[in-house]
Structure formats: C-alpha cells, structure tokens
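Single-structure report; data block below.
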2 protein chains.
Amino acid sequence: MTTYKAPLRDYRFVLNELFDAGTVLPALPGYEEATPETVEAILEEGAKLCEEVLFPLNRSGDEEGCTYENGVVHTPKGFKEAYETYRRNGWTALAAEPEWGGQGLPHTLGFLMSEMVASANLSFGMYPGLSHGAIDALQQHGSPSLKRRYLPRLVEGVWSGTMCLTEPHCGTDLGLLRTKAVPVDGDAPGGGEDRRYRITGTKIFISAGEHDLTENILHLVLARLPDAPPGVKGISLFLVPKFLVKDDSGAPGVRNGVRCGSIEHKMGIKASSTCVMNFDEAEGYLVGAPHKGMRCMFTMMNAARFGVGMQGLGIAETAYQSARAYALDRLQGRSLAGAREPEKAADPIIVHPDVRRMLLTQKAYVEGMRALAAWVAIELDVSLKHPDPERREEADDLVALLMPIVKAFFTDAGFEAANLGVQVMGGHGYIREHGMEQLVRDARITQLYEGANGIQALDLVGRKMPMHAGRLLRRFFHPVERFIAEAGQADPRMAEFVMPLAKAFARLQQLTLHVAQQGMAKPEEAGAAASDYLRIFALVALGYMWARTAQAALAKADAADGADGDADPEASFYKAKLATARFYMARVLPQHTANAAAIMAGAKPLMELEAAAF
Amino acid sequence: MTTYKAPLRDYRFVLNELFDAGTVLPALPGYEEATPETVEAILEEGAKLCEEVLFPLNRSGDEEGCTYENGVVHTPKGFKEAYETYRRNGWTALAAEPEWGGQGLPHTLGFLMSEMVASANLSFGMYPGLSHGAIDALQQHGSPSLKRRYLPRLVEGVWSGTMCLTEPHCGTDLGLLRTKAVPVDGDAPGGGEDRRYRITGTKIFISAGEHDLTENILHLVLARLPDAPPGVKGISLFLVPKFLVKDDSGAPGVRNGVRCGSIEHKMGIKASSTCVMNFDEAEGYLVGAPHKGMRCMFTMMNAARFGVGMQGLGIAETAYQSARAYALDRLQGRSLAGAREPEKAADPIIVHPDVRRMLLTQKAYVEGMRALAAWVAIELDVSLKHPDPERREEADDLVALLMPIVKAFFTDAGFEAANLGVQVMGGHGYIREHGMEQLVRDARITQLYEGANGIQALDLVGRKMPMHAGRLLRRFFHPVERFIAEAGQADPRMAEFVMPLAKAFARLQQLTLHVAQQGMAKPEEAGAAASDYLRIFALVALGYMWARTAQAALAKADAADGADGDADPEASFYKAKLATARFYMARVLPQHTANAAAIMAGAKPLMELEAAAF
C-alpha cells in the first residue's frame, strides 16, 4: 500500500537552513507576512488537507475515473466535497492578488503546496492547477472589466479555468492552429463592455475542460482573428466562459456555445477529465493585444512548467515513502553479510544492497529536487517582487534558465522513482490495489504535457543558452564556481562533496562551450545534444544542491555534537542528509559521463539514416 | 495506433547471415528437418497468426480484461477462438518431444515465435507460455505413468499448465514456503499408479491458474512433505490437475480440491488471468525426487527466463514499429536544417534529431537483442542435442551465463523502448485507444516476474561468475577477444565498430576482476555492484552483436556493389544495419561509463545509512 506524510521537516530545511526564505520573502513588498512561522503554519494546514482529504481519494479516483454522458462530466465520488474543502480553506486564492480576493502569499508557498497535492492525488490537483494559469493570464493581461467580472469568482474557486491550446493536428507546433475568432459586428472596441468575438474550432487534451466541481468554467483559448498573419505570430488569446456572465454580480447566465464532445481514456490521471472541447460560435473576449496570444502564453509558461516539475517531485516523494515502508516491513532472504534479524523468518529487504540502491536513488532525487525547487521558487518570487530591477532581472534569468530543467528532469526522475517503487515491491507493485503502479501511470503524463521533455531540452539549448550572449548561464555558473572555490577551503570535510561536483561542473562548462559552438554552425548539432545536455545540467544542479546540503548538515552536526546520538531524530535527519549526499556524489552524479559521451558523438549518428530506411 | 508486421527479414538475417543456424540446427540429432526453408516457412505461418489473429485482440483484451465469478474465470472475447486456432495449428506442440505428440522442432524456433506472440499480444502468450514450463517439467522429471497420462493432452494444447511457486509471504525467498503435501495412507510408492498426496496451501500470482481456454489445467506446485528439512532443501514438486484423470484416455474426471479464489487487478497484461489458487487437500503426484523440487524448477528456469526476455524484445519491436510509423506520418514543426517538405504545412517529426535519437535507441536495442537472442537460442539447442558432451557443456555454460542478462536487460530495454514509443507520440501516446501506453503497462511485468531483475543481477555475480572458477565467463570472453583481434585486421572499415567495442570490453574485463575480488572478500560488495555489472555486460554483449552485424552487412554491401543503390530494399536493409551499428557504438555503448563509475563506488555509499534513518 502507498503511504504519505507531508515532508514538513524537509520543507523547513530547504527554506530556512539551506536557503534564507525567512529573510528573503518577508523583505519583498507585499510578502511581509510570509514569516517562517506563518509559512510553516500554512504548510501544516496544507499537509493535513493532503494527507487526510486528498490522499484517501487517490486510489478510488483512479478506479472510478471520470465519466462522460451527453456533454456532462462527473468526477469520481468524493472529489466534489474535497474540492469544496480545498476551496473553502482558501487554497485556490493562496498566491492570487489581494485585489481580487487572493491571499497574496509568495509563489514559493504555492509550489510547495502543489508538491503535496501531487503527492496525495495528482488527478485532483489538475482542477485547481489549471485555474492558476487562468488567474495568472487574467491578472497579467486581462482588461479591467474582464478582471472585475471574472477574477473574484476564479480566485474564490467557485469557478475554474482551463488552457485551450492543442488541436488534433497541432500540439508542439502551435503555428498550425486553426480555431477562428470573428468579431461581432457593431461591438465597439474599447467600450465599457469588452468587445465580443465568435470562437469556432476544436481543442483536444483540455484538462478540466468539463467537470462538476464548479459553477462555471472559464476557457482561455488560442485562436486566429480574421486578419491574423500566418504562423505563431497570428494567434490571439480569448476568454470563453461556459456560462455567459452579464454583470459583475457573478451570476452565471445562459450557456455559451462551447461543449465537451468526449473525454479521453488514458493511461493514468483517470480522475482528471481530459476533454475534447468543441467551440461553435462561442462568445469570447480578447485577453491582451490581438495576435499577441503566444506572448501571453509564455508569461504563464514558467509557472505552468514549474507546476508540472513539482508534480514529478510529488510523485517521487510518495513512491519513496511507500517503497521505504515496504522495504522495512517485507521479510525475504537474508543479508549477504549474515542474518540481521535471526529471530525472524527472514530479514527485511532493506538489508539488500540493491534494494538500498533503489531507495537511495529515490531519496537523492527527491531531496535534491526539493532543494533546487526551493531555490528556483524563491528566485521566482524575487523576480516578481523585488524593488531592485537588477536583482529582479538576475532572478528572472536564473528562473528562465532552470525552468526547462525543472520541468524535464523532475518529471523524468519522478517517473523513474515511481518505477523504482514498483521494483522494490516486486510483483506486489504491479497490483492496482497496492497503489504503486498508479504512481507510474500518473507520473507518465508529466513527461508529455506542458511541452514534452524533448521540447524542454530544445528550449534550454536553443533559447535559454544563447539568450543575452550567455547571460542566463552565468547566473547559474557563477554561484557554483564561487561555492566550489570557497566551500572546500572553509572545511576540509567538504572535499568529498566538492571534488566530484567540481569535476562534473568542469565537464558541463566544456560541453556548454562545445554545444554552443557546434549549434551556432549547425542547429541540428544543438538538437542532437539537447536531451543529454539537459540531463547533465540537471545532474550538476542537483550536485550543487547536495553539496550545499552537506555543508548545512555538517554545520548542524557540529552544533548538535554532544547531543544524544542515534536516538535523536534531528541528529538522524542530518546524518541521513550526509549519507544521501555521499550516495549522490558516488552513484548518481557520475552518470553524467554517459551524457557527455553522447553529446560528443554529435549529430551524425542520428542524421545519417534516411527516413525511409528506418 | 500501434502496428505490427513480424520482422521476418531480420530473422533470416540473424539466423543465416549472422549465425549459421541453417547448418548448426539440422546437424543436431532429431532436428534434421530444421532446414532454413522449413524454419522460414514455419516463421511465416507464425507471423500470419500473430499479425492477423492475436494482434487484433490486444487492445480489446486489455479493455475487457479477465473476469472472475465464483471460482470461474472468463478470458476476453475472442481469446478462446484464437487459442483454438493456435492449438490446432500445432503451436503448443512446436518444440515438444515427438513421443508425446510434439513436433520436436528446435527451441530456437519456439523462442522466435514467442517474440512474435509477445509483440502481438503479451497477455494471450501467457496461456500457452505457462504450458511450456509444465511440458518441460513433465518431460524431464515426470514418471513414465505421469508422462503417459498428462503429456499428450498438454502438448496438444487441449489442457494447459501452470507453475505454482509464490505464496503471500514468499516470492523471491522460496525457503519460506508453507504449502504442505501429505501422502495418502495406503498408496504404495512405486506402484503402477503414482502415489497420491494431499496438497494444502495458498499460492498467489498464478498466471493462467484458471481460465476458459482448455478442458483441464495441470498445476505444478511447490510444497513441503511432512519429513521435509527446512528451507529450500525441503521443497518438492507436485502435479495437481484441476480435474482428476483416472486413466490414459484423457477424459477429465471429478473436480479436484483446487480452486481459484480471486484474480488480481493489475497494471497491465489484463487479459492474462493472475490467480490466487487455494489448494484444500487437493490430490497431487510427486514430480521428480522428494525434496528436489527446486532442482526441477531450476532446469526449467533457463527456458522460462529466456521466454520473459523474448517478451521484452517482442514489446520493444511493436513499440519501435509503431513509433516509426507515427514519426513518418505526424507533421509538426520544421527541420532545424530548413524545411524538408515545404509543400506541406510542416515536416514529419522524423526530421528532428531528438525523435531520431529515440527511434534509433529502440531500433538498436531491438535488433541487437534479437541477434543476441538468436545466438543464445542456437546454443541452447546445441546444449541439449549435440552429440559431443564437450560442445554441449560449452553451449550450456554460455546459455547459463547469458540468461540473467537476457532476462533482465531485454525486459529493462523493452520497458524503455515502450516508453520511448509513448514519448515519440507525445500526448497521443498517453491515450489508451492508441495502444502505445498498453505496451508500457504490459512490459512492466516482465521486469518483475520470473525473478525480479535485481535477482537476475545477483544470479550473474553471485552464481554464474564464480561458477567453475570463471569457466562460464570465458565462454563469452574468448570469442569476443578473438573477434576483436581478427575483425579489425581483416577489414579496416571495421575499425569504427571494433575500437569502441574493444574499449568497453576491456572495461568489462577489469570490472569483472574487481567485482570478483571484492565480492569474494565481502559479499555485499558483489551485491552492490550487481545491477550495474549486469548492465555493462549487456551493453558489451550487444556491442559484440552490433560489431558482428556490421561485419556481415559490410560483406553484403560489397556483394551488392553495383546494384541499384537506394531503391533496392536489400541494399537499404544493410545500410540501415550499418547506420544503426554506428549509432549503437556512438550513443548507447558509451553509457557503460556510468555503470563503471557506480561499480567502482563500492558498497559503502549504499550500506552506510542505518535502516531506520531512511
């Protein structure tokens, strides 16, 4: 059986011992209340909700799934009540602007909560998760009247949102999209009311496109105006409500011309409705400027990709906790070093090196990713709120650079961790009732949506790497360089962590230069290197996190010296951090050599074979 | 949508161009009829059955699954008719002994057929697959009367078999098993009738334990006799029929005391029934000597593990074919080197380096594994039938050595290939209707059953490596050494294949020495190295296959020189072999550096953390 307790101790560690969220966040204008005490209290509340309300619905939600009948979608038993609890407790409003009823708390908090929600019930998380995107879009790009009319209910969670991008013939390549938006004759642009458009087209893979959790659903739809230039430069963003709203009272009016045609039957996230949405002259309103829809999408993309990365992390956490519990409990075979628990029929399988290899891989991924996520999340808040534009730019650079890595690596590692969970459980992991295989099926989507992981890799090498002549890269390289130079000298015990990091980091720098040079001459070289480059970057980024973790843990171990050793859970926490850091340096980080070799092989072995000969 | 055409051309290549099955097999006593022509005709018949009968039932079988009601299991619609066709066409009898109605054909043929069946419909393949094990057990260990009474119907396929090993508290560690066998008073051992025993206990995860495809089901059950010593040395093997059979006419009599208590709801292979079997004083008969049940199991294990390895290969083949078809068809984005098909809205996604990376990884796995499988299969037949005992021993050594590699690596690669298939399809890969995600779910079991892959790795380092002072290892090392020494000299064009192989092979040899020495001093060191050692061994074994493939392809390309280049499908076949060999050497084989680093890190990073601190 799967098991989940929110990792509150580790949140405290990454926020306040590894980084200085307790100082940085409350110093940002508007986040004054985000003190460590408040943050901890909120996370505790969130933990309770996830453990007690959402997690118990995860298995039943998977078995029952969503059902579709005649345009109506029903979520599984218990989801409506759980959503109502979630909403009433203010979670939909967490990071939204106070002007629209939001709590105006840092996004850092929202991302940690989204990890917990994903750990507990990924399918459930899709419903409020999609609303976040819609809230962001309207807050940043909506007209004042659109904001007034739609944001309060969206923030309150009585309405929800969607993002309607994909069409049957286009997903990655949005330049091909065909959905049309025609202005209604006689509506004057710039009047008191927003000008109306008639939206017509078919969108697929629309998460939360139709469901029974909220009174209204606001679709944010990419479509082409009649005078649109071809390709991605002719795409505009529209708000299309399921029920038309005719005043600011929030009363939903008549049904709009948008209808769910069917839902997909999927590998996983079965309790999340994935809809075909048919727009038939549906009334909609322009969000942002005409033909600038892609720009509106891009501003939301960081948050959305971060959210998906946190899903990977969240699933990895549950897989780890569940595999650990099984490995401590299941008796099978004897330790190779002689029976550990001779009074029992067999030893618990955690004595076996190969089982430990799997558990430590999960643990090293989970805690390393969480540290990296905390860093990126804090910088994301800084990039939005810091008074100093230089500091904002610096933070924004780092976030933009690391986002494809967070999205792709976290989801790859989440899938891997879920599969390791199954492997630890053996045949029992394959049985639906035990819940572990669901984590594999649910995790699998995170590598595909919000830009498949290959697209993330292209974003890294093709956009982020060359941007501003490598400025984004330096935002990461410089602090790592500094750390390597200083940490080893300050404490000789750090050598075992700093040396492997330094070696991998040097390789990353060489490869960066190589890929940049090759890619400039021949874009296919960059494309051929992309996935391996992203992975080596991620391994180094996690290596940096683990070296810093070791540094923090050593300092704490010093402080705790003299305390009552093993029995003390705090001492045990830091000892585990050090042991996991050693495991990461010895067993995970050296995997970068494989990626380095693949990069150096270049594009030729990939491009040589003609398509027809495959 | 998934697609499948049996790779008959590649079978011809591996059997007759890469290896000399056409000479070796018909030279074995009893296999005189297995000429290349006959083998090809049989494979063609098998291909037709798999493509036209079994493949079309794969999706529907997954959706419908098996159903259980009151002890009775129904297979999905169409399975009974398909099984009847399979049986009537003689496939259950293919490799069985002619004495019992078998066709007495080489196992090589059986294994290639099992690949095709797994490609088409893994769930279906479980039913006849489990019978193979029962046939082997009875042929090798059954008393003459048991053989006479049970084998003809089993070989004919009107009855089927199972292997009942696992119990709720023991899977890997069979020493813990509790099922009891009590001799019936008054039955004399060694009489004309086989002595009767009363079998009582619960077995779980029993594939094909109950179903509606055959008139009777013969369970081969591990259990303890009253005087059994504890542990694995006190386990005996029993035959327990579902319906008692009282004479050799084959008429099933009264129902025996064995009943299916429930079926598991699983991640995949949903059309294969996985049963809890309750034995309540069921009548059974001893197979082999008392307390020697594990030995009987071991003799069957090579074949069973080979069969599971072929399942991994089979799924990888279907995933590759389906991803290739999608990548050639799906238009999305433009080639980084400029539009390839400017007249279309976009280029097919096979132009993208990262998509090619995924397809070529699948292709390099599939064809490399098939070559290795052919080698092992031919040697398996040699080990059973060759008149020269030295040649038999040599073959048996190689098979024993490579079997854990075939089982673990093929199934890991099968799962990886299925996931790459999903990734190539993007979100469409996640939709059940399209079939690709089913391959992921179905493939996942192959890494778990018939000895989880971690157990295979322990078998390799703990049993096969030290066996006969390393004699088994030399059966593989020597031919590779010879090949490396000779192939490069014979043809300078081979250097690009031989050099990377030589480098990886040298590393494997060093690591072998290292693991053997470390493991001798401290078994946990061997355990810590096991999984990475198996993988590096597999990468080198496939590297050897790809270098030999390149050699064969170069020779053929020479012969075809002057023929009409690209338009000739034969020339294209060999060009693809060479390009894939280059890809393997450049991009896959170098992955061994990661495994080497992990091995050299030793056991300490795995064993340091105390269990409670995980």
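Restricting attention to the stretch A:232-245, the residues being in a strand (DSSP E or B) and open to solvent by 30 Å² or more (accessible area, probe 1.4 Å) number 1.
Elements of the type helices (runs of 4 or more DSSP H) sitting completely within the stretch A:408-527 and holding at least 1 residues that are more than 30 Å from B:ASP442 (Cβ to Cβ) and assigned by TED's automatic domain parsing to the domain that holds A:ILE269: there are none. Restricting the stretch B:579-614 to residues that are facing chain A (nearest Cβ under 8 Å) and polar (S, T, N, Q) leaves a set whose member that is least open to solvent (accessible area, probe 1.4 Å) is B:THR580. Does B:GLU394 qualify as being among the acidic types (Asp, Glu) and more than 14 Å from every other protein chain (Cβ to nearest Cβ)? Against the criterion (among the acidic types (Asp, Glu) and more than 14 Å from every other protein chain (Cβ to nearest Cβ)), B:GLU394 qualifies. Please go through the stretch B:208-231 and give me each residue that is open to solvent by less than 30 Å² (accessible area, probe 1.4 Å), more than 25 Å from B:LYS77 (Cα to Cα) and in a strand (DSSP E or B), ordered by number. Listed by number, the residues that qualify are B:LEU220, B:VAL221, B:LEU222, B:ALA223. Within the stretch A:116-132, is even one residue open to solvent by less than 10 Å² (accessible area, probe 1.4 Å), aromatic (Phe, Trp, Tyr) and not assigned by TED's automatic domain parsing to the domain that holds A:ILE217? Within the stretch A:116-132, one or more residues are open to solvent by less than 10 Å² (accessible area, probe 1.4 Å), aromatic (Phe, Trp, Tyr) and not assigned by TED's automatic domain parsing to the domain that holds A:ILE217. Of all residues in the stretch A:294-314 being buried (at least 20 other Cβ atoms within 10 Å of the Cβ) and not hydrophobic (A, V, I, L, M, F, W, C), which is modelled with the lowest pLDDT? Only one residue fits best here, namely A:ASN302. Taken together, the residues in the stretch B:521-540 that are touching a residue at least 12 places away in the same chain (Cβ under 8 Å) and either basic (Lys, Arg) or more than 7 Å from chain A (Cβ to nearest Cβ) (or both) amount to 13. Quick check on the stretch A:387-396. Is at least one of its residues over 13 Å from the mean Cα position of the chain (by Cα), open to solvent by less than 50 Å² (accessible area, probe 1.4 Å) and over 30 Å from B:THR172 (Cα atoms)? Yes, the stretch A:387-396 contains a residue that is over 13 Å from the mean Cα position of the chain (by Cα), open to solvent by less than 50 Å² (accessible area, probe 1.4 Å) and over 30 Å from B:THR172 (Cα atoms).
Close contacts from the stretch B:583-601, counting a first residue that is closer than 23 Å to A:ARG357 by Cβ and a second that is open to solvent by 20 Å² or more (accessible area, probe 1.4 Å) and hydrophobic (A, V, I, L, M, F, W, C), with Cβ to Cβ under 8 Å and a gap of 6+ residues or different chains, come to B:PRO590/A:ALA597; B:PRO590/A:ALA601; B:GLN591/A:ALA597; B:THR593/A:ALA597; B:ALA598/A:ALA586; B:ALA601/A:ALA586.
For the residues A:GLY435, A:GLY427, A:GLY488, the requirement of being under 24 Å from the mean Cα position of the chain (by Cα) and open to solvent by less than 50 Å² (accessible area, probe 1.4 Å) singles out A:GLY435. Note on the stretch B:253-265: among residues that are open to solvent by 10 Å² or more (accessible area, probe 1.4 Å) and out of contact with any Asp or Glu (no Cβ under 7 Å at 6 or more places or on another chain), the one that is nearest to B:LEU439 (Cα to Cα) is B:GLU264. Scanning the stretch B:1-55 for residues that are charged (D, E, K, R), assigned to a loop (DSSP other than H, G, I, E, B) and more than 28 Å from B:ALA323 (Cα to Cα) yields B:ASP20, B:GLU32, B:GLU33. In the set B:GLY175, B:GLY209, B:GLY186, only one residue is under 19 Å from B:VAL232 (Cβ atoms), of a type in the set (Gly, Ala, Ser) and not assigned by TED's automatic domain parsing to the domain that holds B:TYR83; that residue is B:GLY175. Counting just the residues of the stretch A:246-268 that are in a strand (DSSP E or B) and modelled with pLDDT under 95, which one comes out farthest from the other protein chains (Cβ to nearest Cβ)? The residue in question is A:GLY253.
Picking from A:ALA271, A:ALA319, A:ALA323, A:ALA304, which residue would you name as being under 21 Å from the mean Cα position of the chain (by Cα), touching a residue at least 40 places away in the same chain (Cβ under 8 Å) and within 14 Å of chain B (Cβ to nearest Cβ)?
Numbers: A:ALA271 fails: within 14 Å of chain B (Cβ to nearest Cβ); A:ALA323 fails: under 21 Å from the mean Cα position of the chain (by Cα); A:ALA304 fails: within 14 Å of chain B (Cβ to nearest Cβ).
After ruling out the rest, the residue left standing is A:ALA319.
Does any residue in the stretch A:437-452 that is more than 14 Å from B:ALA418 (Cα to Cα) come within less than 6 Å, Cβ to Cβ, of a residue that is in a loop (DSSP other than H, G, I, E, B) and not hydrophobic (A, V, I, L, M, F, W, C) six or more places away or on a different chain, and which pairs are these? Listed by first residue and then by second, the contacts come to A:ASP442/A:GLY268.
Kindly check whether there is at least one residue in the stretch B:177-187 that is within 14 Å of chain A (Cβ to nearest Cβ), over 23 Å from B:HIS74 (Cβ atoms) and open to solvent by 50 Å² or more (accessible area, probe 1.4 Å). Within the stretch B:177-187, one or more residues are within 14 Å of chain A (Cβ to nearest Cβ), over 23 Å from B:HIS74 (Cβ atoms) and open to solvent by 50 Å² or more (accessible area, probe 1.4 Å).
Residue by residue through the stretch A:266-287, note down the ones that are open to solvent by 40 Å² or more (accessible area, probe 1.4 Å), on the phi < 0 side of the Ramachandran plot and touching a strand residue (DSSP E or B) at 6+ places or on another chain (Cβ under 7 Å).
To start, the set of residues in the stretch A:266-287 that are open to solvent by 40 Å² or more (accessible area, probe 1.4 Å) comprises A:270, A:278, A:280-281.
Keeping just the survivors that are on the phi < 0 side of the Ramachandran plot gives A:270, A:278, A:280.
Passing the criteria: A:ASN278, A:ASP280.
Checking the condition out of contact with any Cys (no Cβ under 6 Å at 6 or more places or on another chain), away from chain A (no Cβ under 14 Å), surrounded by 23 or more Cβ atoms within 10 Å (Cβ to Cβ) and farther than 30 Å from A:LEU336 by Cβ, which residue from B:MET545, B:MET494 passes? Working first, answer last.
Working: B:MET494 fails: surrounded by 23 or more Cβ atoms within 10 Å (Cβ to Cβ).
Of the residues listed, the single one that is out of contact with any Cys (no Cβ under 6 Å at 6 or more places or on another chain), away from chain A (no Cβ under 14 Å), surrounded by 23 or more Cβ atoms within 10 Å (Cβ to Cβ) and farther than 30 Å from A:LEU336 by Cβ is B:MET545.
Please find, within the stretch B:339-355, the residue that is surrounded by the fewest Cβ atoms within 10 Å (Cβ to Cβ) out of those that are facing chain A (nearest Cβ under 8 Å) and under 13 Å from A:LEU176 (Cβ atoms). Talk me through it step by step, then tell me what you get.
So in the stretch B:339-355, the residues facing chain A (nearest Cβ under 8 Å) come out as B:345-346, B:348, B:350-355.
If we keep only those that are under 13 Å from A:LEU176 (Cβ atoms) as well, we get B:345-346.
On the way: B:ALA345: 13, B:ALA346: 22.
Among residues in the stretch B:339-355 that are facing chain A (nearest Cβ under 8 Å) and under 13 Å from A:LEU176 (Cβ atoms), the one surrounded by the fewest Cβ atoms within 10 Å (Cβ to Cβ) is B:ALA345.
Starting from residues that are outside any loop (DSSP other than H, G, I, E, B) and open to solvent by 40 Å² or more (accessible area, probe 1.4 Å), keep the ones in the stretch B:359-386 and report whichever is farthest from the other protein chains (Cβ to nearest Cβ).
As a first pass, look at the stretch B:359-386 and keep what is outside any loop (DSSP other than H, G, I, E, B): B:359-385.
Then keep just the ones that are open to solvent by 40 Å² or more (accessible area, probe 1.4 Å); that gives B:384-385.
On the way: B:LEU384: 30, B:LYS385: 34 Å.
Ranking the qualifying residues of the stretch B:359-386, first place goes to B:LYS385.
Conditions (1) over 26 Å from B:PRO353 (Cα atoms); (2) more than 7 Å from chain A (Cβ to nearest Cβ), marked per residue:
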| position | (1), (2) |
| --- | --- |
| B:HIS428 | no, yes |
| B:ILE431 | no, no |
| B:ASP442 | yes, yes |
| B:ALA452 | yes, no |
| B:GLN456 | yes, yes |
| B:PRO466 | yes, yes |
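Restricted to the stretch B:24-47, and to residues there that are charged (D, E, K, R) and in contact (Cβ under 8 Å) with a residue 40 or more places away in the chain, the residue that is nearest to B:ALA6 (Cα to Cα) is B:GLU45.
For the stretch A:336-358, the condition holds for at least one residue, the condition being that it is in a helix (DSSP H, G or I) and touching a strand residue (DSSP E or B) at 6+ places or on another chain (Cβ under 8 Å).
The values are calculated or read from the model by the stated rules, or taken from the named source; none is laboratory data. In this text, all values refer to a predicted model and were calculated from it rather than measured experimentally. Every residue, glycine among them, receives a Cβ derived from its backbone with ideal geometry; neighbour counts consider all protein chains shown. To get the accessible areas, we keep the full protein, side chains included, count just its heavy atoms, and leave off ligands, DNA and RNA. Shrake-Rupley method; radii C 1.70, N 1.55, O 1.52, S 1.80 Å.
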